[in-house]
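The values are calculated or read from the model by the stated rules, or taken from the named source; none is laboratory data. In this text, all values refer to a predicted model and were calculated from it rather than measured experimentally. As a convention, Cβ positions derive from the backbone with ideal geometry for all residues, glycine included, and neighbour counts pool all protein chains shown. Note: accessible area is taken over every heavy atom of the protein model, side chains too, but ligands, DNA and RNA are not part of it. Shrake-Rupley method; radii C 1.70, N 1.55, O 1.52, S 1.80 Å.
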4 protein chains.
Amino acid sequence: MFEHALLGELLGDEAVAKAFSGQVFLGHFSRFEIVLTEALAAHGLIDSDSAEAIIAGCRSFTPDIQKIRTETVTDGLAVPAYVRQLKAHIGEPHQKDVHLGTTSQDLIDTALALSLHGLNEIFRHDINRLRDSLQDLNHAHGPNRLMGRTRMQAALPMTVGDRISAWQAPLERHQSRLETIGPAVCVLQLGGAVGTNHVFGDKAEAIAGEMAASLELGKPSKQWHTGRDNLVDYANWLSMVTGTLGKVGQDVCLMAQQGIDEITLESGGRSSAMPHKQNPIAAETLVTLARFNAVQISAMHHALVHEQERSGSAWALEWMILPKMCEATACALKTANRLAGQISGMGQVVSQ
Amino acid sequence: MFEHALLGELLGDEAVAKAFSGQVFLGHFSRFEIVLTEALAAHGLIDSDSAEAIIAGCRSFTPDIQKIRTETVTDGLAVPAYVRQLKAHIGEPHQKDVHLGTTSQDLIDTALALSLHGLNEIFRHDINRLRDSLQDLNHAHGPNRLMGRTRMQAALPMTVGDRISAWQAPLERHQSRLETIGPAVCVLQLGGAVGTNHVFGDKAEAIAGEMAASLELGKPSKQWHTGRDNLVDYANWLSMVTGTLGKVGQDVCLMAQQGIDEITLESGGRSSAMPHKQNPIAAETLVTLARFNAVQISAMHHALVHEQERSGSAWALEWMILPKMCEATACALKTANRLAGQISGMGQVVSQ
Amino acid sequence: MFEHALLGELLGDEAVAKAFSGQVFLGHFSRFEIVLTEALAAHGLIDSDSAEAIIAGCRSFTPDIQKIRTETVTDGLAVPAYVRQLKAHIGEPHQKDVHLGTTSQDLIDTALALSLHGLNEIFRHDINRLRDSLQDLNHAHGPNRLMGRTRMQAALPMTVGDRISAWQAPLERHQSRLETIGPAVCVLQLGGAVGTNHVFGDKAEAIAGEMAASLELGKPSKQWHTGRDNLVDYANWLSMVTGTLGKVGQDVCLMAQQGIDEITLESGGRSSAMPHKQNPIAAETLVTLARFNAVQISAMHHALVHEQERSGSAWALEWMILPKMCEATACALKTANRLAGQISGMGQVVSQ
Amino acid sequence: MFEHALLGELLGDEAVAKAFSGQVFLGHFSRFEIVLTEALAAHGLIDSDSAEAIIAGCRSFTPDIQKIRTETVTDGLAVPAYVRQLKAHIGEPHQKDVHLGTTSQDLIDTALALSLHGLNEIFRHDINRLRDSLQDLNHAHGPNRLMGRTRMQAALPMTVGDRISAWQAPLERHQSRLETIGPAVCVLQLGGAVGTNHVFGDKAEAIAGEMAASLELGKPSKQWHTGRDNLVDYANWLSMVTGTLGKVGQDVCLMAQQGIDEITLESGGRSSAMPHKQNPIAAETLVTLARFNAVQISAMHHALVHEQERSGSAWALEWMILPKMCEATACALKTANRLAGQISGMGQVVSQ
């Protein structure tokens, strides 16, 4: 969404858009080829002259993105065109040693892992910040009286702190989950044409280990060309985060109704027709993003039906979905933090 | 997707991306304000001096898009910032007559209708072209023998024409459906703050009629601020089209397997690891796009739960979904047409 | 859901559960075999002795349902076991003429068409009744004052009639759509093993016409073994209906809040913990059913990717989804009618 | 699905159907009331006479299920009617101490936890069994040659063991995940009317601890009335399992094609039209169930938007979805185990 001229700030996120951009992915491809080359040379699969030439070539190479974009229509992915250009750039006699033993999926999935690695830091930070903000709100307004409501009906009185506590609890669990789900997707992909690393023979394990270490990624016990469950688990986490924030947003929208008046928001949205209105835009946006991800998660599960050694159709479905889910999640965390900052009152002060 | 530097041509569509761009929507806003002003003047709700000044102002006005983008975060939509800028541009004494009686949703939904109007022409044309291509394939290969397969098992022999006929039949129905579903979404939105057109009084009907005529849109019997079923019906049509093409893509992938060898494709995709391979990229992409839309359609149905007189959250969900569905559909039609052009043989020639 | 001992009345529907029951489907199979036999005899494909014996056999036959159920695990559908039993019941020499030229899908899809035919009557009736109830509510409370609310904030005053009118408008469109979408799925299926009706030769058209007429179903221009778009269109209609009612339910929940107090409901739900509460159960249920169908519709679109001449997996997905969507729709209409009957006040009476 | 007379064995699962049946849930309600009563008495909130009478009453009580079913329409859930009957059964003077301090959600969510506890044992067992079967297949056929296929095209030769290994890897991860995700949903619910356990005061913690221990459930750090993320995580696990099995099923369908002939299946499904066919029913069913759950998971994420202290609509959505997801998963595991038993050959034996 970030690219949209009008809606990009409201519903998108710049850091995520950048992390999945073509430019950044091409940079990741280059890093992959470099650490591959280093590992191949270390294990004697290519000679050191070739390695030096390839690494230097990767560093001096500027891909023709427009050409890659066009040829991606034919090839179904960007790597073949990228590798053709890189080989041509490196030229004879070393181009035969470029990309040796690997396949497009190795580059693209590893690039994904590298991008997610950076995003996890952002997610971790933004959840932390939100938890702090909620704690501040609890300090400021926690003891205030709030009518507990079930089935949208007034039930029994409780405190603002009771509700904030219900907002906090899942965030704490999401943070804890991220500690295992996050690293599980920041893992090298290395399998070669059909996932058997047949070109590397008995050096496959060692090569993967060195590449993973160089890229600061995890080393998988095995390639995961068709085993996409960690990605699905991650997407599920994304949508659990937005769902949790959607509940907060829905609660705030309900609290902000005239007649209910349980929350005071500063700087709400303006209306083109009614200048007097203060709309709870941030809260509404949280509901929108929750429902957006709740829909998208379905596609990630369909993509588990990933036939044979590589499914062009299931894999491309992930490309269309996962970046948008990351963006919705980052935007929701950003929006929730903004919303927390807009709250100047909650519940009713209990006089002593 | 079209904005993606690497994948934009494979999975996106330029015409759709443009139709939903900020620039084009701002142009639609301007057209709306102009025809509104004309209708208001014709019915004496504003005087002719004001009308002339506003229309001239709309024509000379260049909005500050970056400012609108930023203020959209606060307002939840682009119209308030747009209108503020337009009013400032027009200045005293006429700015009070700008945007009179209308609300943001009137502009945005009407802009959507204008964009869909253009896209329907493209859809109509691309389905026509595909049906022609399939007919050509039928002429070329229809009598050839093809093993009919059920439950992925060889069943009984039939002809290539039998299968092409099964591909054609739903396309014909989709074309026919578009004749009613298409115009149903190319309809003016005009309701004012809470949908009652209360500012226009008994002239509301006439004003809506004139505005619709000027914009070459349909005139609704009533505003449709919360009645989003025609949009859902349209989204359903989009996803039926991609589902139909997904079936074709899946069939082609199966026909192209070595050992089955029921189709010959020219210019398939290349592999970075295996130069000998010819991958059925276009066919796989059709499956991807079918599953993409099959997931997205769910969100449009959730957006039917559009509370009270305007739901900020349900409406924004449409913004995130419908353009992508249009883009996937346009891309699928384009891809199917490309695929049809790649087919140089089907089935087995029956010797006489 | 209807089978659930506790929740069956709340979330299920007896008529729909029955229409998709094994017993009713077996009855439809029998009708299919009878009209097939009549048509085959009329066209000389079987002799009249055979026809008489088969028709008599169909009428006297009581299938062993438990055996069919067990053998369905192996066969993937109930028809092979059913036909084996029917043939054994009819015995020599006529059993070779039973089920001649047809395939399991012909029976199952035709049975579906027959069941949907009955359900459409119920849907038509229940929407009519609801529109009448809403009109009655409009007569009783329409002129009352209601605060128009946008983005969950008070906007401008309007009338109860304005809101009821927004509830009515999509129902009217759904009724009109049912007139074309309903008959489109009440259509005979007849294609034989791979959809070519090869056993019937040049009599296929006539046989299909006579069978359709006997069953009071539409005659398709062609079999629709893999062309499932009419079913998807129908499912889309179901979910548009529940989405429309979900909007009504959401509005009523919001109107019923203490502090808002815009609606008076008789006989709300009781709480096990708080005897004083009156919960808007019917209204909440409408929201639940709307979201249920909004999720299910996705599966019907996935099932459009129906490979080759019959997809066991895509087709069985329909069986798991469409009956539940029909049930949710029937339950929602029933619930909306109940809700309408519980409303004893809306908005604020305007004194003169 | 299990209740369906014809399809129940193919697409349903008896153990899951039973675990979510009204009868079993009523049994769980009774266990809840008994352990609640014991804990209340132990902490002096009710006297021992009352406790004895209530416990005896719970044991001798046979609820009128039909009456509960009917009253559930009004109340929105079964507990109020159940508690009314139970209180009447126990009578004066002790009925005031029945259900003390708790709410319907405490019973229903705890009953869910008890049912899931039993199902987790089944899932654990069935995955184990499947992993063993795959290992057996690997022993029998692992060294055989198999063409590795990417994008549905022959790529490079590999072994049957390579593919089986790709089937195994996610199953191992699912098993490991179940060790944390499983217990996380087998947790007592105890919050009272608005989640504050206000009736229990400072004894709430101790009461919850004792009840959880008696029921052999986990004790939550806090009630989870609105914090449904553990359930969503669990549902995600269910759908990851079916997705993994769907990939196996899709692979088997592709391997079983004539012309590919990479797998030999015993006892495939029969056709009503073509007695010679052997359909890979079990494999197709795995694909169906994968797509079924991939759709349903979306609803669980929507149900995270669970407003205020209890959402009647979001919660009831879970009731409609989670049992079906459990059933699809159990059925898929059962089906995969059946499929494994049908495989008598894979790949091509390599002569030495």
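Things to note:
- Subset of region B:176-224 (residues that are assigned to a helix (DSSP H, G or I) and of a type in the set (S, T, N, Q)): B:S176, B:T180, B:S214
- For region D:197-224, the set of residues classified as over 25 Å from the mean Cα position of the chain (by Cα), under 22 Å from A:R149 (Cβ atoms) and surrounded by fewer than 19 Cβ atoms within 10 Å (Cβ to Cβ) consists of D:H198, D:V199, listed by residue number.
- All positions within region D:138-151 that are open to solvent by less than 20 Å² (accessible area, probe 1.4 Å), more than 7 Å from chain A (Cβ to nearest Cβ) and closer than 14 Å to D:D251 by Cα: D:L146
- Of all residues in region D:274-286 being at pLDDT below 95 and not charged (D, E, K, R), the one that is surrounded by the most Cβ atoms within 10 Å (Cβ to Cβ): D:N279
- All positions within region D:77-91 that are closer than 17 Å to D:D106 by Cβ and part of a helix (DSSP H, G or I): D:V79, D:P80, D:A81, D:Y82, D:V83, D:R84, D:L86, D:K87
- The set of residues from region B:173-196 being more than 17 Å from the chain's Cα centre (by Cα), in contact (Cβ under 8 Å) with a residue 40 or more places away in the chain and at negative phi comprises B:Q189, B:L190, B:G191, B:A193, B:V194.
- Within region A:287-324, the set of residues being under 29 Å from B:Y82 (Cα atoms), more than 8 Å from every other protein chain (Cβ to nearest Cβ) and surrounded by 24 or more Cβ atoms within 10 Å (Cβ to Cβ) comprises A:L289 only.
- Which numbered condition A:T74 misses (of (1) over 26 Å from A:H198 (Cβ atoms); (2) open to solvent by 10 Å² or more (accessible area, probe 1.4 Å); (3) out of contact with any Gly (no Cβ under 6 Å at 6 or more places or on another chain); (4) in a helix (DSSP H, G or I)): (3)
- Filter pass, A:A332 being of a type outside the set (D, E), at the interface with another protein chain (Cβ under 10 Å from one of its Cβ atoms), part of a helix (DSSP H, G or I) and more than 22 Å from D:Q296 (Cβ to Cβ): no
- Tabulated pairs, region D:197-216, first more than 25 Å from A:A155 (Cβ to Cβ), second assigned to a loop (DSSP other than H, G, I, E, B) and open to solvent by 70 Å² or more (accessible area, probe 1.4 Å), C-beta under 7 angstrom, 6+ apart or interchain: D:G209/D:K219
- From C:A113, C:A169, residue being touching a Gly at 6+ places or on another chain (Cβ under 9 Å), in a helix (DSSP H, G or I), more than 14 Å from chain B (Cβ to nearest Cβ) and closer than 25 Å to C:T242 by Cα: C:A113
- For C:A56, the conditions (1) out of contact with any strand residue (DSSP E or B) (no Cβ under 6 Å at 6 or more places or on another chain); (2) assigned to a helix (DSSP H, G or I); (3) closer than 26 Å to D:L289 by Cβ all hold with the exception of (3).
- A:R59 vs. criteria basic (K, R) and closer than 19 Å to A:E92 by Cα: yes
- Boolean, D:G148 is more than 28 Å from A:V232 (Cα to Cα) and among the small types (G, A, S): no
- Long-range neighbours under 8 Å by Cβ, at least six apart or interchain, first residue in contact (Cβ under 8 Å) with a residue 60 or more places away in the chain and closer than 17 Å to C:G246 by Cα within region B:301-325, second part of a helix (DSSP H, G or I) and aromatic (F, W, Y): B:A303/B:W315; B:H306/B:W315
- Screening region C:236-254 for residues that are hydrophobic (A, V, I, L, M, F, W, C) and within 18 Å of D:S313 (Cβ to Cβ) and picking the one that is most open to solvent (accessible area, probe 1.4 Å) gives C:V248.
- Subset of region A:255-279 (residues that are in contact (Cβ under 8 Å) with a residue 24 or more places away in the chain, within 14 Å of chain D (Cβ to nearest Cβ) and not acidic (D, E)): A:M255, A:A256, A:I263
- For region A:1-50, the set of residues classified as open to solvent by 10 Å² or more (accessible area, probe 1.4 Å), outside any loop (DSSP other than H, G, I, E, B), closer than 23 Å to A:P93 by Cβ and not charged (D, E, K, R) consists of A:S30, A:I34, A:V35, A:A41, A:A42, A:S48, listed by residue number.
- Which numbered condition C:Q105 misses (of (1) farther than 20 Å from C:L26 by Cα; (2) buried (at least 23 other Cβ atoms within 10 Å of the Cβ)): (1)
- Filtering region A:61-71 to residues that are assigned to a helix (DSSP H, G or I) and open to solvent by 70 Å² or more (accessible area, probe 1.4 Å) leaves A:Q66, A:K67, A:T70.
- Contacts under 7 angstrom Cβ, first residue in region B:1-21 being farther than 18 Å from B:R338 by Cβ, partner of a type in the set (S, T, Y), 6 or more apart: B:A5/A:S21; B:L6/A:T72; B:A19/B:S115; B:F20/B:S115
- For region C:225-240, the set of residues classified as within 7 Å of another protein chain (Cβ to nearest Cβ) and not in a helix (DSSP H, G or I) consists of C:T226, C:G227, listed by residue number.
- When D:R228 is tested against (1) under 24 Å from A:R310 (Cβ atoms); (2) open to solvent by less than 10 Å² (accessible area, probe 1.4 Å); (3) charged (D, E, K, R), just one condition goes unmet, and that condition is (1).
- Candidates C:R131, C:R151 - the one that is under 30 Å from B:W224 (Cβ atoms), within 29 Å of the chain's Cα centre (by Cα) and not aromatic (F, W, Y): C:R131
- Here the condition is being closer than 28 Å to A:L317 by Cβ, away from chain B (no Cβ under 11 Å) and open to solvent by less than 10 Å² (accessible area, probe 1.4 Å); of A:L86, A:L119, it holds for A:L119 alone.
- Residue in region B:255-269 that is open to solvent by less than 20 Å² (accessible area, probe 1.4 Å) and part of a helix (DSSP H, G or I) present: yes
- Condition check for B:G22: under 23 Å from B:L188 (Cβ atoms) and within 7 Å of chain A (Cβ to nearest Cβ): yes
- Among the residues of region D:145-166, those that are assigned to a strand (DSSP E or B) and among the hydrophobic types (A, V, I, L, M, F, W, C) comprise D:L146, D:M147, D:A154, D:A155, D:L156, D:M158.
- Taking the criterion of being of a type in the set (V, I, T) and more than 25 Å from D:F123 (Cβ to Cβ), the residues of region D:294-352 that qualify are D:V305, D:V349, D:V350.
- Residue in region C:149-172 that is within 29 Å of B:A155 (Cα to Cα), touching a residue at least 60 places away in the same chain (Cβ under 8 Å) and among the basic types (K, R) present: no
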